[in-house]
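S.K.: So that we are looking at the same thing, I have put the structure below in structure tokens.
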Amino acid sequence: MAKKIKITINEVVVEIEEGTSILDAARQTGVIIPTLCYHKDLCVAGNCRVCVVEILGQKRLSAACATPCEDGMEILTNSYKVRNSRKHIIELLLSEHNADCTRCYKNGNCELQKLASDYKIMTQDFIRLVEFKNYTIDQFSPSIIKDDSKCIRCQRCVRTCEELQGVNALTVAYKGDRMKISTFFEKPMNDVICTNCGQCINHCPTGALVEKNYIEEVWEAIADKSCHVIVQTAPAVRVGLGEELGYGPGARVTGKMVAALKRLGFDAVMDTDFSADLTIMEEGTELMTRLKMALKDHDPDVKLPMATSCSPGWIKYIEHMYPEYLDYLSTCKSPQQMFGALAKTYYANIQNINTEKIVSVSIMPCTAKKFEANRPEMHASGYRDVDYVLTTRELAIMIKQAGIDFMKLDDMPFDRLMGESTGAGVIFGATGGVMEAALRTVYELVTGREVPFKNLNITPVRGMEGVKEATIKIENPLEEWKFLDGVELKCAVAHGLLNAKKVMDSIVSGTSNYHFIEFMACPGGCLGGGGQPIPTSPEIRRKRAEAIYAEDAGMELRKSHQNPEILKIYNDFLVKPMGERSHHLLHTKYYPRERF
Amino acid sequence: MTFGYQLKRADFIFKNENDWKEILRNNLSRPPHEVINELISSELKGRGGAGFPTGLKWKLTAEVVEKTKYVICNADEGEPGTFKDREILTKVPLKVLTAMTVCAHVIGAKEGYIYLRGEYFFLQPELNMAIKEFEDYCREINFEFKIRIFMGSGAYICGEETALFESMEGKRGEPRNKPPFPSTYGYMGKPTVINNVETLAHTFTIFKYGAKRFYDLGVQYSRGSKLFSVSGDTPKPGIYELELGMSLVDFVEEFGDGDTKAVQVGGASGFLVPRKRFVETTIGFQGKLTGISLPTGGSMMLFNSSRSMYNVLDNYLEFFREESCGQCTPCRVGCQQLLNGIKAVKRGEKNAQYLEKLLRLTETMQFTAKCGLGQSVANSFSSIVENFREEMIY
């Protein structure tokens, strides 16, 4: 137990643990100190200076986020001196900021704007510095737009890219007035190691980093009566969307989301959870095939561990960082791209719609999905498989634009054919979910029995620990899988690319002996994705995860191979997992990329 | 050559150093607390400009229980108008090395670094030779201490001690949040003593002549001598070792060209003193013996009546605008606003009252900037604007 000390905040004596920052101490006692560069996910930078407070006896003010409390400290958070200085700092930030708020994508959800509003900065006394600088907007990336004129140099994106993701695509360049956040040799974002994960967007307090939005394109497609606009929604969207539309974190709004999408005018509303179940069938089969080749046939060329391939941020990361390990990836496309390929083949055939007229839209918690849909190899149907990818935030914008009172909507079900899903598909949205879903199916296919966990809840792979491990011993398998008898299936789950790096490094150095690893680019998995509502924090992600697992627990079917629509598609169209059609439509290749 | 009453020349730093081996041996055999007490009783304060008591710094670091500690000599001499450290490292490097080694003995360090200003790359070969000679001797007397040179890359901010550590660790040279201070968390997160070149040279003087001799120089609160880099409108620019506590009027009498309008004490981050305040200004640390007392890193720039103080300030602000590391708002944006602000006033785009707004801004910068750079921009700005307001406007 840490020692307790007594301090005074605004003349109120409080007892706190030694070492607590002034900011945390104040928050614990109900005093709000404004911040900008501070973020719960990140290390303390102390560079915006908005959180300055006065410590009696000291001439200078101290940054509350970076100053630990000491016994007997007398702190004033709203003295005249503090107020004056804080206001000055906000004015300074505004003078350097392209405060063209009404034309900004983040208008209404900008931390600087909120501060300016709270402190009623009504005048522009200082000289506008934006005009002295030659800013260009980097919009070459299909996912992320970077506008330096709106950057306040808080370095939250830099810390995110380094501490959460270990990517370091964004870093600080130059000094003094020229100091800016930039990339390797100031190349555009799509030419560097950036994985498009969008975590920088989630952590940016202003509009300096935003997603490239395709809202108008989708409205246009919906308005075009000759188009058949089909939409899929990713598992994590249903536990995030509510936050943008009046609910607290962790609200499950699946039925309302479907109803809203129908009101927006989509011709068919279907579920990425369906293709998540399909992914399990393909990926599970691939895993079993690889295990057979390795353990029974002793094929030296087979690559184990097999790594999941659902997360496009992770895919781009491994292409950049470990290009010699691409064979370890499952060849399965992500659920989004499987769905896209089937929408323009299977669905088009059955509904008898001209493929050319199908516009395939996906709602994703992710910005990397925009990049993924844009990859040249994602044209298995003969057309671009997924035309537009919208983030959870973009969908919320459309719902607001359409004047839909979201909270008053009645729940509606997904459309049939590719709208049925199981709990296994839902948990794809949380870290460990793909692993759990795969184990539920693989174990049963191998042994003929359910996975030996209470209520099918494979708890070791759940939770927010950076790297999770689980071992499942296979006993008494079916005749075909006899070679697996007694084998301990070693699994690992990593979320956040920094954790992915740790696991990859253990593979490179040969210190681990896993069979199967789930990798997700974002902290918490898709539910913490770069396209999810802002703000994000460990607490918010935990609530979204609880919602995901509650959704799973409430499903009638919880194993991918039980999904009737999955059985139907194999029966009518795909024939069998890893079959020829699957190979053509549902599997893909990876390409090495430069490491900068 | 006659000096005024208060202007006393000293001659320690550049005097013979043939006895460094003896001084080294003697001090390595003394118990650490004895060395620390001697430094404390000499009242030596850091000569880089901030004036932290050197003995206390060594004491705090010595008290931390940790296996790995470092001694760093800060030779990132970047303050405009300062050129004394270069001279010390050129002429008497062995004194500095001796002092670093005694410090290593006192705090328990095995490694030391000289962080050399990027522009001083030409000092490297000779300095390396001195280090080699020195290390050979250390081996001879069985004292294990390794000294390396770390080359800076020319950023002014890296003279700030925590930015210097970051730079040495291969990161961007940005100041850290304090606390923790270097005595507990310095280079590589280890307890570190970081001293200015001149400070270390003075400790040699103290080791050689004793604390009393040093203490007897100077005045109350400002003991000992100090090197001054004299430049600007003076017939005799150069480096002079003078006792602290001198009056600026005596200084100008000695070094001025008879037409001195103002003296910038302490470089761009220091204060400008106009002629009318020469009498009441003494050069030293806190404590007001006779009027204002100014600490200084040793830069004394004299300006005569042909100089425009607007241009002087413009020059300083341009320097700060570029040399701010850019991480904290008050410094990064503040410097730009100050520079653009005085330009706008000069051009008549802003009225004269805007100067008051800028003065209030410097106050905020002083209160809120993360490190000494941003905090001290206020010094030159307010002292120049307040004393030469007319020159700013017309």
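S.K.: What order do you get for B:Ser41, B:Ser306 when you list them from fewest to most C-beta neighbours inside 10 Å?
M.R.: B:Ser306, B:Ser41
S.K.: Using a Gaussian network model of chain B whose springs link C-alpha atoms within less than 10 Å, name the residue from B:Lys146, B:Lys84, B:Lys226 with the highest mean-square fluctuation.
M.R.: B:Lys146
S.K.: What FRET efficiency do you get for B:Phe122 and A:Lys400 if R0 is 45 Å and r is their Cβ-Cβ distance, rounded to the nearest 0.05?
M.R.: 0.10
S.K.: In a shell of Cβ-Cβ distance under 15 Å around A:Ser226, excluding A:Ser226 itself, what net charge do Lys and Arg (+1) and Asp and Glu (-1) give?
M.R.: My count for the surroundings of A:Ser226 gives -3.
S.K.: Oh, and also: How shielded is B:313-321 by partner chains, expressed as the average number of their Cβ atoms within 10 Å of its Cβ atoms?
M.R.: Counting Cβ atoms of other protein chains within 10 Å of each residue's Cβ and averaging gives 1.
S.K.: Follow-up question, since we're still on this one. Looking at chain A, identify the longest residue range that excludes and avoids all GluC sites (Glu not before Pro) in DSSP loops having at most 15 other Cβ atoms within 10 Å.
M.R.: Here the longest run is A:71-376.
S.K.: What is the magnitude of the charge dipole of chain B about its Cα centre, with +1 placed on the Cβ of each Lys and Arg, -1 on the Cβ of each Asp and Glu, and no other charges, expressed in debye to the nearest 20?
M.R.: Magnitude of the dipole: close to 660 debye.
S.K.: Count, for each residue of A:39-49, the Cβ atoms from other chains sitting within 10 Å of its Cβ, then give me the mean as a whole number.
M.R.: 4
S.K.: Moving on. So what is log10(I(q)/I(0)) for chain B at q = 0.11, 0.12, 0.13 1/Å, when the Debye sum runs over its Cα atoms only?
M.R.: Rounded to two decimals, the profile gives -0.79, -0.93, -1.08.
S.K.: Is the range A:24-170 rounded, prolate or oblate when judged by the Cα gyration tensor, a ≥ b ≥ c being the square roots of its eigenvalues, rounded requiring a/c under 1.5 and prolate requiring a/b larger than b/c?
M.R.: Oblate is the answer for the range A:24-170, as a/c is 1.5 or above yet b/c matches or exceeds a/b.
S.K.: Residues of the range A:132-158 with the amide nitrogen closer than 13 Å to a label point 7 Å from the Cα of A:Asp191, along Cα-to-Cβ, please.
M.R.: Output list for this probe position: A:138-141.
S.K.: How much length is gained if the chain between A:His379 and A:Lys59 is pulled fully straight, taking 0.36 nm per residue apart and subtracting their Cα-Cα distance, in nm to one decimal?
M.R.: 108.7 nm
S.K.: What nm distance separates the two modelled labels at A:Glu594 and B:Thr184, each placed 7 Å from Cα along Cα→Cβ?
M.R.: About 4.6 nm separates the two model spin labels.
S.K.: Two decimals is fine: what's Rg over Rh for the range B:309-393, C-alpha atoms, Kirkwood radius as Rh?
M.R.: Result: Rg/Rh = 0.94.
S.K.: I've got another one for you. In a shell of Cβ-Cβ distance under 13 Å around A:Ile193, excluding A:Ile193 itself, what net charge do Lys and Arg (+1) and Asp and Glu (-1) give?
M.R.: Residues close to A:Ile193 contribute a combined charge of +1.
S.K.: Which percentage, to the nearest 5, of the DSSP beta bridges contained in chain B is antiparallel?
M.R.: 45
S.K.: How are the alpha carbon pair distances in the range B:29-178 distributed across 10 Å bins from zero to the largest one, expressed in percent?
M.R.: 11, 38, 40, 11, 0
S.K.: Specify which residue in the list A:Trp481, A:Thr588, A:Leu498 is farthest towards the positive end of the charge dipole of the range A:477-596, using unit charges on the beta carbon of Lys, Arg (+1) and Asp, Glu (-1), about the Cα centre.
M.R.: A:Leu498
S.K.: Can I ask one more? Of all DSSP beta bridges in the protein assembly as shown, what percent run antiparallel (nearest 5)?
M.R.: Beta bridges within the protein assembly as shown, antiparallel portion: roughly 50 percent.
S.K.: Give me A:Arg449, A:Arg159 ranked fewest to most by other Cβ atoms within 10 Å of their Cβ, as a rough exposure proxy.
M.R.: Lowest count first: A:Arg449, A:Arg159.
S.K.: Hey, what's the Kirkwood Rh for chain A if you take every pair of different alpha carbons, in angstrom?
M.R.: With all distinct Cα pairs of chain A included, I get 25.4 Å.
S.K.: Now for a different question. Where in the range A:236-263 does the label zone of A:Glu539 land, with the point 7 angstrom along Cα→C-beta and an amide N cut-off under 14 Å?
M.R.: The answer is A:248-250.
S.K.: Something else: By the gyration tensor of its Cα atoms, with a ≥ b ≥ c the square roots of the eigenvalues, what is the shape of the range A:1-89: rounded for a/c under 1.5, prolate for a/b over b/c, or oblate?
M.R.: Oblate is the answer for the range A:1-89, as a/c is 1.5 or above yet b/c matches or exceeds a/b.
S.K.: Net charge near B:Ser167: determine it from the other residues with C-beta under 13 Å of the C-beta of B:Ser167, scoring Lys and Arg +1 and Asp and Glu -1.
M.R.: -1
S.K.: Sticking with this structure for a sec: Roughly how crowded by other chains is peptide A:169-178, in terms of the mean Cβ count from those chains within 10 Å of each of its Cβ atoms?
M.R.: 6
S.K.: Antiparallel as a % of all DSSP beta bridges within the range B:226-342, to the nearest 5?
M.R.: Beta bridges within the range B:226-342, antiparallel portion: roughly 70 percent.
S.K.: Continuing with this model, one more query. Please compare each pair in A:Lys40/B:Lys178; A:Lys6/A:Lys543; A:Lys454/A:Lys559; A:Lys175/B:Lys178; B:Lys95/B:Lys171 to a cut-off of 24 Å on the Cα-Cα distance and tell me which ones are over it.
M.R.: A:Lys6/A:Lys543; B:Lys95/B:Lys171
S.K.: Helix hunt in chain A: which complete DSSP H runs extend at least 18 Å axially by C-alpha with mean Kyte-Doolittle at least 0.0?
M.R.: Long hydrophobic helices here: A:272-295, A:433-447.
S.K.: In debye to the nearest 20, how big a dipole does the protein assembly as shown give about its Cα centre with +1 on each Lys and Arg Cβ and -1 on each Asp and Glu Cβ?
M.R.: Magnitude of the dipole: close to 1680 debye.
S.K.: Let me ask another. Please state the shape class of the range B:130-224: rounded when a/c is under 1.5, otherwise prolate if a/b exceeds b/c and oblate if not, all from the C-alpha gyration tensor.
M.R.: Oblate is the answer for the range B:130-224, as a/c is 1.5 or above yet b/c matches or exceeds a/b.
S.K.: Taking neighbour counts of Cβ atoms within 10 Å as a proxy for exposure, in what order, fewest first, do B:Phe271, B:Phe14 appear?
M.R.: Ordered from fewest to most neighbouring Cβ atoms within 10 Å, B:Phe271, B:Phe14 come out as B:Phe14, B:Phe271.
S.K.: Taking a point 7 angstrom from the Cα of A:Asp485 along the C-beta vector, which residues in the range A:445-463 have backbone N less than 19 Å away?
M.R.: It comes to A:445-450, nothing else.
S.K.: Let me ask something additional. Could you check the spin-label model distance between A:Asp411 and A:Lys3? Points 7 Å from the Cα along Cα→Cβ, value in nm.
M.R.: Computed distance between label sites A:Asp411 and A:Lys3 equals 5.5 nm.
S.K.: For chain B, with the dipole built from +1 on Lys and Arg beta-carbon atoms and -1 on Asp and Glu ones, taken about the Cα centre, which of B:Leu358, B:Gly245, B:Phe285 lies farthest toward the positive end?
M.R.: It is B:Leu358, whose Cα lies furthest towards the positive end.
S.K.: Assuming R0 = 51 Å, what is the FRET efficiency of A:Thr459 and B:Lys357, from their Cβ-Cβ distance, to the nearest 0.05?
M.R.: Once the sixth-power term is evaluated, E becomes 0.25.
S.K.: Give me the distance in nm between label points sitting 7 Å out from Cα along the Cα-to-Cβ direction at A:Glu450 and B:Glu140, one decimal.
M.R.: 8.4
S.K.: Sticking with this structure for a sec: Across the range A:52-154, how many lysine pairs, 8 or more positions apart or on different chains, have C-alpha atoms separated by under 20 Å? Please give the number.
M.R.: Step by step, the pairs that qualify in the range A:52-154 add up to 14.
S.K.: Something else: Quick one: if the Förster radius is 60 Å, what FRET efficiency do A:Val12 and A:Asp100 give, using the C-beta to C-beta distance and rounding to 0.05?
M.R.: E(calc), rounded to 0.05, equals 0.90.
Values quoted throughout were computed directly from the atomic coordinates according to the rules given, and no laboratory measurement underlies them. Since the model is a prediction, treat every value here as computed from it, not as a measurement. Virtual Cβ from ideal backbone geometry, glycine too; neighbours counted across all protein chains shown.
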